[in-house]
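Working notes, beginning with the structure itself.
Only the coordinates and a few stated rules stand behind these numbers; no lab work does. On a predicted model such as this, the values are computed, not experimentally measured, just so you know. Please note: Cβ atoms are built from the backbone with ideal geometry, for glycine as well, and neighbour counts cover all protein chains shown.
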Amino acid sequence: MKQYIFTALLLFSVSVAVTAQTSDENPYANNYIYWGYLSDYKQGQATTAFNAINEMLNANPPQKVISLPRELALVSLDQLLHDTDNDATDPFYTFINNRMRQLLKDLDTPVTKGLRIYKLYNDGFIVKSPKATIAIDLIPGGSNAKPFITDSVVYEIAGRCDALFISHLHADHANLNIAKSFAARGKRVIAPKNLWVGVDPLIQPMEVENVETHIEFEELDLTLHVLPGHQGNDYNNINVVEFHNEGTVAHTGDQWGTADLTWIDHVHERYDIDVLMPNCWVNDMERTIRGFGPKLIITGHENELGEHTIDHREAYWMTIKKMELMEDLNIPYVLMTWGEYYDYRK
Amino acid sequence: MNNLFSIPNRLLRTGLACIMAIGVILPVAAQRKASSSFDDDYIFWGYPNVYLNYQAKVAYPLINRMLQANPPAVKIDKNRRLALITLDQFLHDSDGMRRDAFYTFVNTRMEEMLAGIDQPVLSGVRIYKLYNSGFILKTLKTTIAVDLVPGGATNKSFLTDSVIFEVADRCDALLITNSDSKHANRDVAETFVALGKKVILPEGLWTNMEEDLLPVGSDTTQIVELGAMRLYVLPGHRGNAKNNIYVMDFHGRGVVAHTGAQDNDADWEWIDNVHSRYNIDILLTKSQNINLESMLTGFRPRLVITAHENDIESVVDKRESYWTTQKRMQSLAGLAIPNVIMTWGEAYDYADTGSPNISSSATKVMMNGTLVIERKGSIYTPTGKKLK
C-alpha cells in the first residue's frame with residue numbers, strides 16, 4: 001500500500017512539475033527575468049547576440065587583416081554555434097536567412113572588374129565575374145523538413161547563378177533539388193562521377209581521369225578545369241574555375257586523400273591560381289597551399305551544424321589559429337562567414 | 001577434459017584481459033597525447049570539452065581587449081555591447097566556472113584594476129565594479145569596499161587571496177549589506193580586520209568576532225562617521241533578514257547608495273521616499289529586480305550602476321546577464337535616469353559638475369620633483385594622505 005501511495009505521489013509531483021514548466025508563461029518576461037525559463041532565456045540571449053554580431057560584421061567586412069571587432073564577432077558566433085541549445089532555433093534561422101537576404105540583394109549589383117566571392121553555408125561559394133555567376137557546393141543545410149536557408153531564398157540565389165559545380169556526393173555539398181532547379185532554368189550542373197546519373201541532360205556527372213580534364217563555357221567566358229581529388233574512396237572534384245582575364249579560383253571540396261597530394265604538389269606548375277578555397281580542415285593545409293600556390297586563401301566549411309558533434313564544427317577562431325601556423329608562406333587569407341563577400345582583383 | 005582446456009582457457013582469459021587493458025589504456029593515452037598537441041593542428045575531433053576549453057581560452061582575451069578599448073560609458077557603443085554579450089555567452093555556459101580560462105580572465109581583470117587603483121581621484125568618486133555586488137568607491141581621501149567577496153569555492157575562489165589582500169590594503173573600510181554569502185565573506189572581513197581596517201556589517205552576523213567589527217542597522221536610520229565619509233545605514237531587508245542599505249556621503253565628492261540584496265515589500269513604504277531625505281548621485285543596485293522601477297523612483301539618483309550580473313554560481317537562468325540589464329534599463333528609459341553597465345574590474349569616474357554634492361576638485365602639481373595633489377590650499381599624496 002505504501003508503495004502505491006509513494007508511486008502516486010511521485011507521479012503527481014512529476015506531472016505538476018512538467019505542467020508548470022510547459023504550460024506557464026513567464027510572468028516576468030517584461031522584466032527580462034527568466035528564472036525557471038531557461039529555454040526562453042537562451043532564445044533571448046541568442047537573438048540579442050546574433051543581432052549584435054550581424055551589426056558588427058556589417059560594420060567590419062572581410063579583409064586580409066582581421067580587426068579586433070570582427071575577430072570578436074566571429075568568436076562570438078563560434079560560441080553561439082557550438083552551443084547545441086541554439087541548434088534549429090528561431091534566432092539561428094533568422095540570423096542565417098537575414099544574411100542570405102543581404103547576399104541576394106547584393107547579387108544584383110554588377111561586377112565590373114575582377115571577382116566577387118560570396119561565402120554561403122558550409123562549403124558553398126558564389127563567384128561572380130563581369131560575365132558569369134557560378135555557384136559551388138550550394139546547399140540549404142538542415143533537414144528537408146526544415147532547411148537552414150529557406151527554399152525561396154535558395155531558389156532565388158540559384159536563379160541569379162549561371163551554373164553550379166559540385167565537388168562530391170555528400171549532402172553537405174550536394175543537393176539534388178537545387179541541382180534540378182538549375183537544370184529547370186536551363187543551367188548546367190557539373191557533378192562528380194556517378195552522381196545523379198540520368199536525372200537531367202543538363203546535370204553532368206564528370207569522368208575525371210587526370211589534371212587536364214576541362215570544360216569550356218564560352219557564353220560565360222570561363223573554363224572549368226576539374227582535378228581528380230578524393231575524400232576517402234569517394235570522388236571529390238577539385239573545381240578550378242578560370243574566369244578569362246579576371247582571375248582563377250580553386251575549390252577543393254572535402255579533399256582528404258594522402259595519395260592525391262603527390263599531384264596536388266604540382267598544381268601551381270600547371271595553373272595560375274588566384275584564390276584557393278580549401279575546406280578549413282583539409283588534409284595537410286600547408287602542403288595543399290604550397291601545391292596550389294595561390295595569391296589569396298579563403299577557407300570554407302567552418303561551423304557545419306548538421307551531422308557533426310561540436311568538436312567537429314570547425315570554428316572561425318580555429319581557422320585563424322591554423323592560418324597563423326602558415327604565416328611563413330606569406331600568402332594572405334580572408335576569413336568570411338555566411339552571406340559575406342570579398343572583391344578580388346588580379 | 002578440464003585439464004586439457006585449462007591452458008588454452010587461461011591463455012584466452014589472459015588475452016582478453018590484455019585486450020581490455022589495451023582498450024582502456026589506448027584511449028586515455030590518446031587523450032593525453034592529443035591534449036598536449038592541439039596547438040600543432042587545432043583539430044579537436046573526439047574532444048568536445050577540450051574544444052570548449054580552448055574556445056574560452058581564445059575568447060576571453062579578445063573580450064578583455066575589447067572592453068579595455070571601450071570602457072564604461074553612459075552611452076554604450078556597439079563594440080562594447082558585443083563584448084558584453086559575448087561575455088554573457090561564456091558565463092552562461094553551464095561548465096563556465098570549471099574552465100581555467102575563466103579564472104585567468106577574472107584575475108587578469110583584477111590585476112589590471114589594481115595596477116590603476118593608486119591613481120588619485122581628483123574630483124568626484126571613482127567606482128570600481130567587482131564580482132557580484134562588490135564595488136570599490138574611491139575619492140581623493142577615502143576608499144571603501146562594499147560587499148567584497150571572492151566568489152567560487154573556498155578551495156578554488158574566483159578572486160585569489162592576494163587580490164583580496166591587495167584590495168583590502170588599499171581600502172579604509174569594508175561595508176557588508178547582508179549575511180548572504182554572495183555579499184558577505186568572513187575570510188575577507190578577517191583580512192580587513194588584520195590590516196586594521198573597519199568592517200561595518202549587519203547586526204548578528206559573525207557574532208564570535210564582534211569585537212573586531214562594527215555591527216550596524218536597526219529599525220531606524222543610523223549615522224556612522226568614517227573619516228571623510230558620513231555613512232547613513234537604512235534598515236532594509238532581504239526577506240526577513242537584515243539588509244543594510246548604505247548611503248555614503250563623501251563630503252563634496254558625491255553621494256552613493258548601495259542597496260545590497262534589498263527584497264522586502266514592507267520596506268517600500270520608506271524606500272519610496274528616500275529621495276526626499278537624501279540627494280543621491282549614484283545608485284548601485286542589483287539588476288535582477290522585478291521592482292527596479294520602484295527602486296529608481298524611490299532613490300531618484302543621477303546615475304544608476306547595476307550589480308549582481310553573471311553570478312556564475314547560480315543556475316544558468318538565474319545568472320543575470322549584461323544584455324538583460326541593458327534591455328531592462330531601456331524599458332525604464334522614461335525615467336530619464338542614465339545608467340552605466342560595468343563588468344568586473346572596470347572603473348567609472350563620476351564627477352558630474354552639475355551635482356550639488358560635488359563641490360570642488362583637486363589638481364595635480366609637481367613639488368620638488370614629486371607629484372602631489374593640491375586641494376583648497378592643502379597638499380596630499382596621490383593616495384590621499386595629507387602632507388600639509
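Summary table below
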{"item": "Placed amide H near B:ARG238: partners under 5 Å, 5+ positions off or other chain", "result": "B:ASN243, B:ASP263"}
{"item": "Top positive-direction residue, dipole computed over chain A with Cβ charges, set A:LEU335, A:THR309, A:ASN30", "result": "A:ASN30"}
{"item": "Shielding by partners - mean other protein chain Cβ count within 10 Å, residues of B:76-83", "result": "4"}
{"item": "Charge dipole (the protein assembly as shown, unit charges on Cβ, about Cα centre) - positive-most of B:VAL233, A:ILE66, A:PHE148", "result": "B:VAL233"}
{"item": "Only Lys, Arg (+1) and Asp, Glu (-1) charged, at Cβ; chain B dipole about Cα centre in debye", "result": "880 debye"}
{"item": "Separation in nanometres of the label points that stand 7 Å from Cα toward Cβ, at B:GLU293 and B:THR154", "result": "4.4 nm"}
{"item": "Of A:GLN255, A:GLN63, A:GLN79, the one that fluctuates the most in a GNM where chain A has Cα springs shorter than 10 Å", "result": "A:GLN79"}
{"item": "Packing-based order for B:329-341, A:310-322, B:124-136, A:281-293, using average beta carbon neighbours within 10 Å, highest first", "result": "B:124-136, A:310-322, A:281-293, B:329-341"}
{"item": "Antiparallel DSSP beta bridges within the protein assembly as shown, as percent of all bridges there, nearest 5", "result": "65 percent"}
{"item": "Shape call, the stretch A:214-346: gyration tensor on alpha carbons, a/c limit 1.5", "result": "rounded"}
{"item": "Efficiency of FRET between A:ASP343 and A:ASP87 - r from beta-carbon atoms, R0 35 angstrom, step 0.05", "result": "0.60"}
{"item": "Pairwise FRET efficiency - B:VAL74 versus B:ASP41, Cβ, R0 = 56 Å, nearest 0.05", "result": "0.75"}
{"item": "Protection proxy ranking, peptides B:222-228, B:257-263, average beta carbon neighbours within 10 Å, highest first", "result": "B:257-263, B:222-228"}
{"item": "Cross-link table A:LYS105/A:LYS180; B:LYS129/B:LYS242; A:LYS64/B:LYS57; B:LYS57/B:LYS198, entries beyond 27 Å C-alpha to C-alpha", "result": "B:LYS57/B:LYS198"}
{"item": "Positive-pole candidate from B:ASN289, B:ASN279, B:THR325, dipole of the stretch B:247-388, charges at beta carbon", "result": "B:ASN279"}
{"item": "Long-range HN-HN contacts of B:ILE379 with modeled amide H, under 5 Å", "result": "B:LEU387, B:LYS388"}
{"item": "Where labels lie 7 Å past Cα in the beta-carbon direction, separation of B:SER181 and B:LYS376 in nm", "result": "4.5 nm"}
{"item": "Assigned charges on the beta-carbon of Lys, Arg, Asp, Glu; the protein assembly as shown dipole about Cα centre (debye)", "result": "1780 debye"}
{"item": "Whole-number D in µm² s⁻¹ for chain A, Kirkwood Cα-pair radius fed into Stokes-Einstein, 20 °C, 1.002 mPa s", "result": "99 µm²/s"}
{"item": "Average beta-carbon neighbours from other chains, 10 Å sphere, peptide A:308-315", "result": "5"}
{"item": "In Hz, Karplus ³J(HN,Hα) per residue of the stretch B:107-115 (6.51, -1.76, 1.60; θ = phi - 60°; x = Gly, Pro)", "result": "6, 4, 5, 5, 5, 5, 5, 5, 5"}
{"item": "Spin-label proximity, B:MET366 to the stretch B:119-137 - amide N less than 19 Å from point 7 Å beyond Cα toward beta carbon", "result": "B:120"}
{"item": "For the stretch B:81-89, 3J(HN,Hα) per residue [Karplus equation, 6.51 cos²θ - 1.76 cosθ + 1.60, θ = phi - 60°, Hz, x = Gly/Pro]", "result": "4, 5, 4, 6, 5, 5, 4, 3, 4"}
{"item": "Karplus 3J(HN,Hα) series, Hz, for the stretch B:63-70 with 6.51 cos²θ - 1.76 cosθ + 1.60 (x for Gly, Pro)", "result": "4, 4, 5, 5, 5, 5, 6, 9"}
{"item": "DSSP-defined beta bridges in chain A - what % are antiparallel, rounded to 5", "result": "65 percent"}
{"item": "Per-residue average of Cβ from other chains inside 10 Å of A:72-82", "result": "6"}
{"item": "Estimated FRET transfer efficiency (B:LYS385, B:ARG277; beta-carbon r; R0 41 Å; 0.05)", "result": "0.80"}
{"item": "Cα centroid separation, the stretch B:112-145 to the stretch A:213-284 (Å)", "result": "60 Å"}
{"item": "Relative packing of B:342-348, B:233-239, which averages over residues the other C-beta atoms within 10 Å, highest first", "result": "B:342-348, B:233-239"}
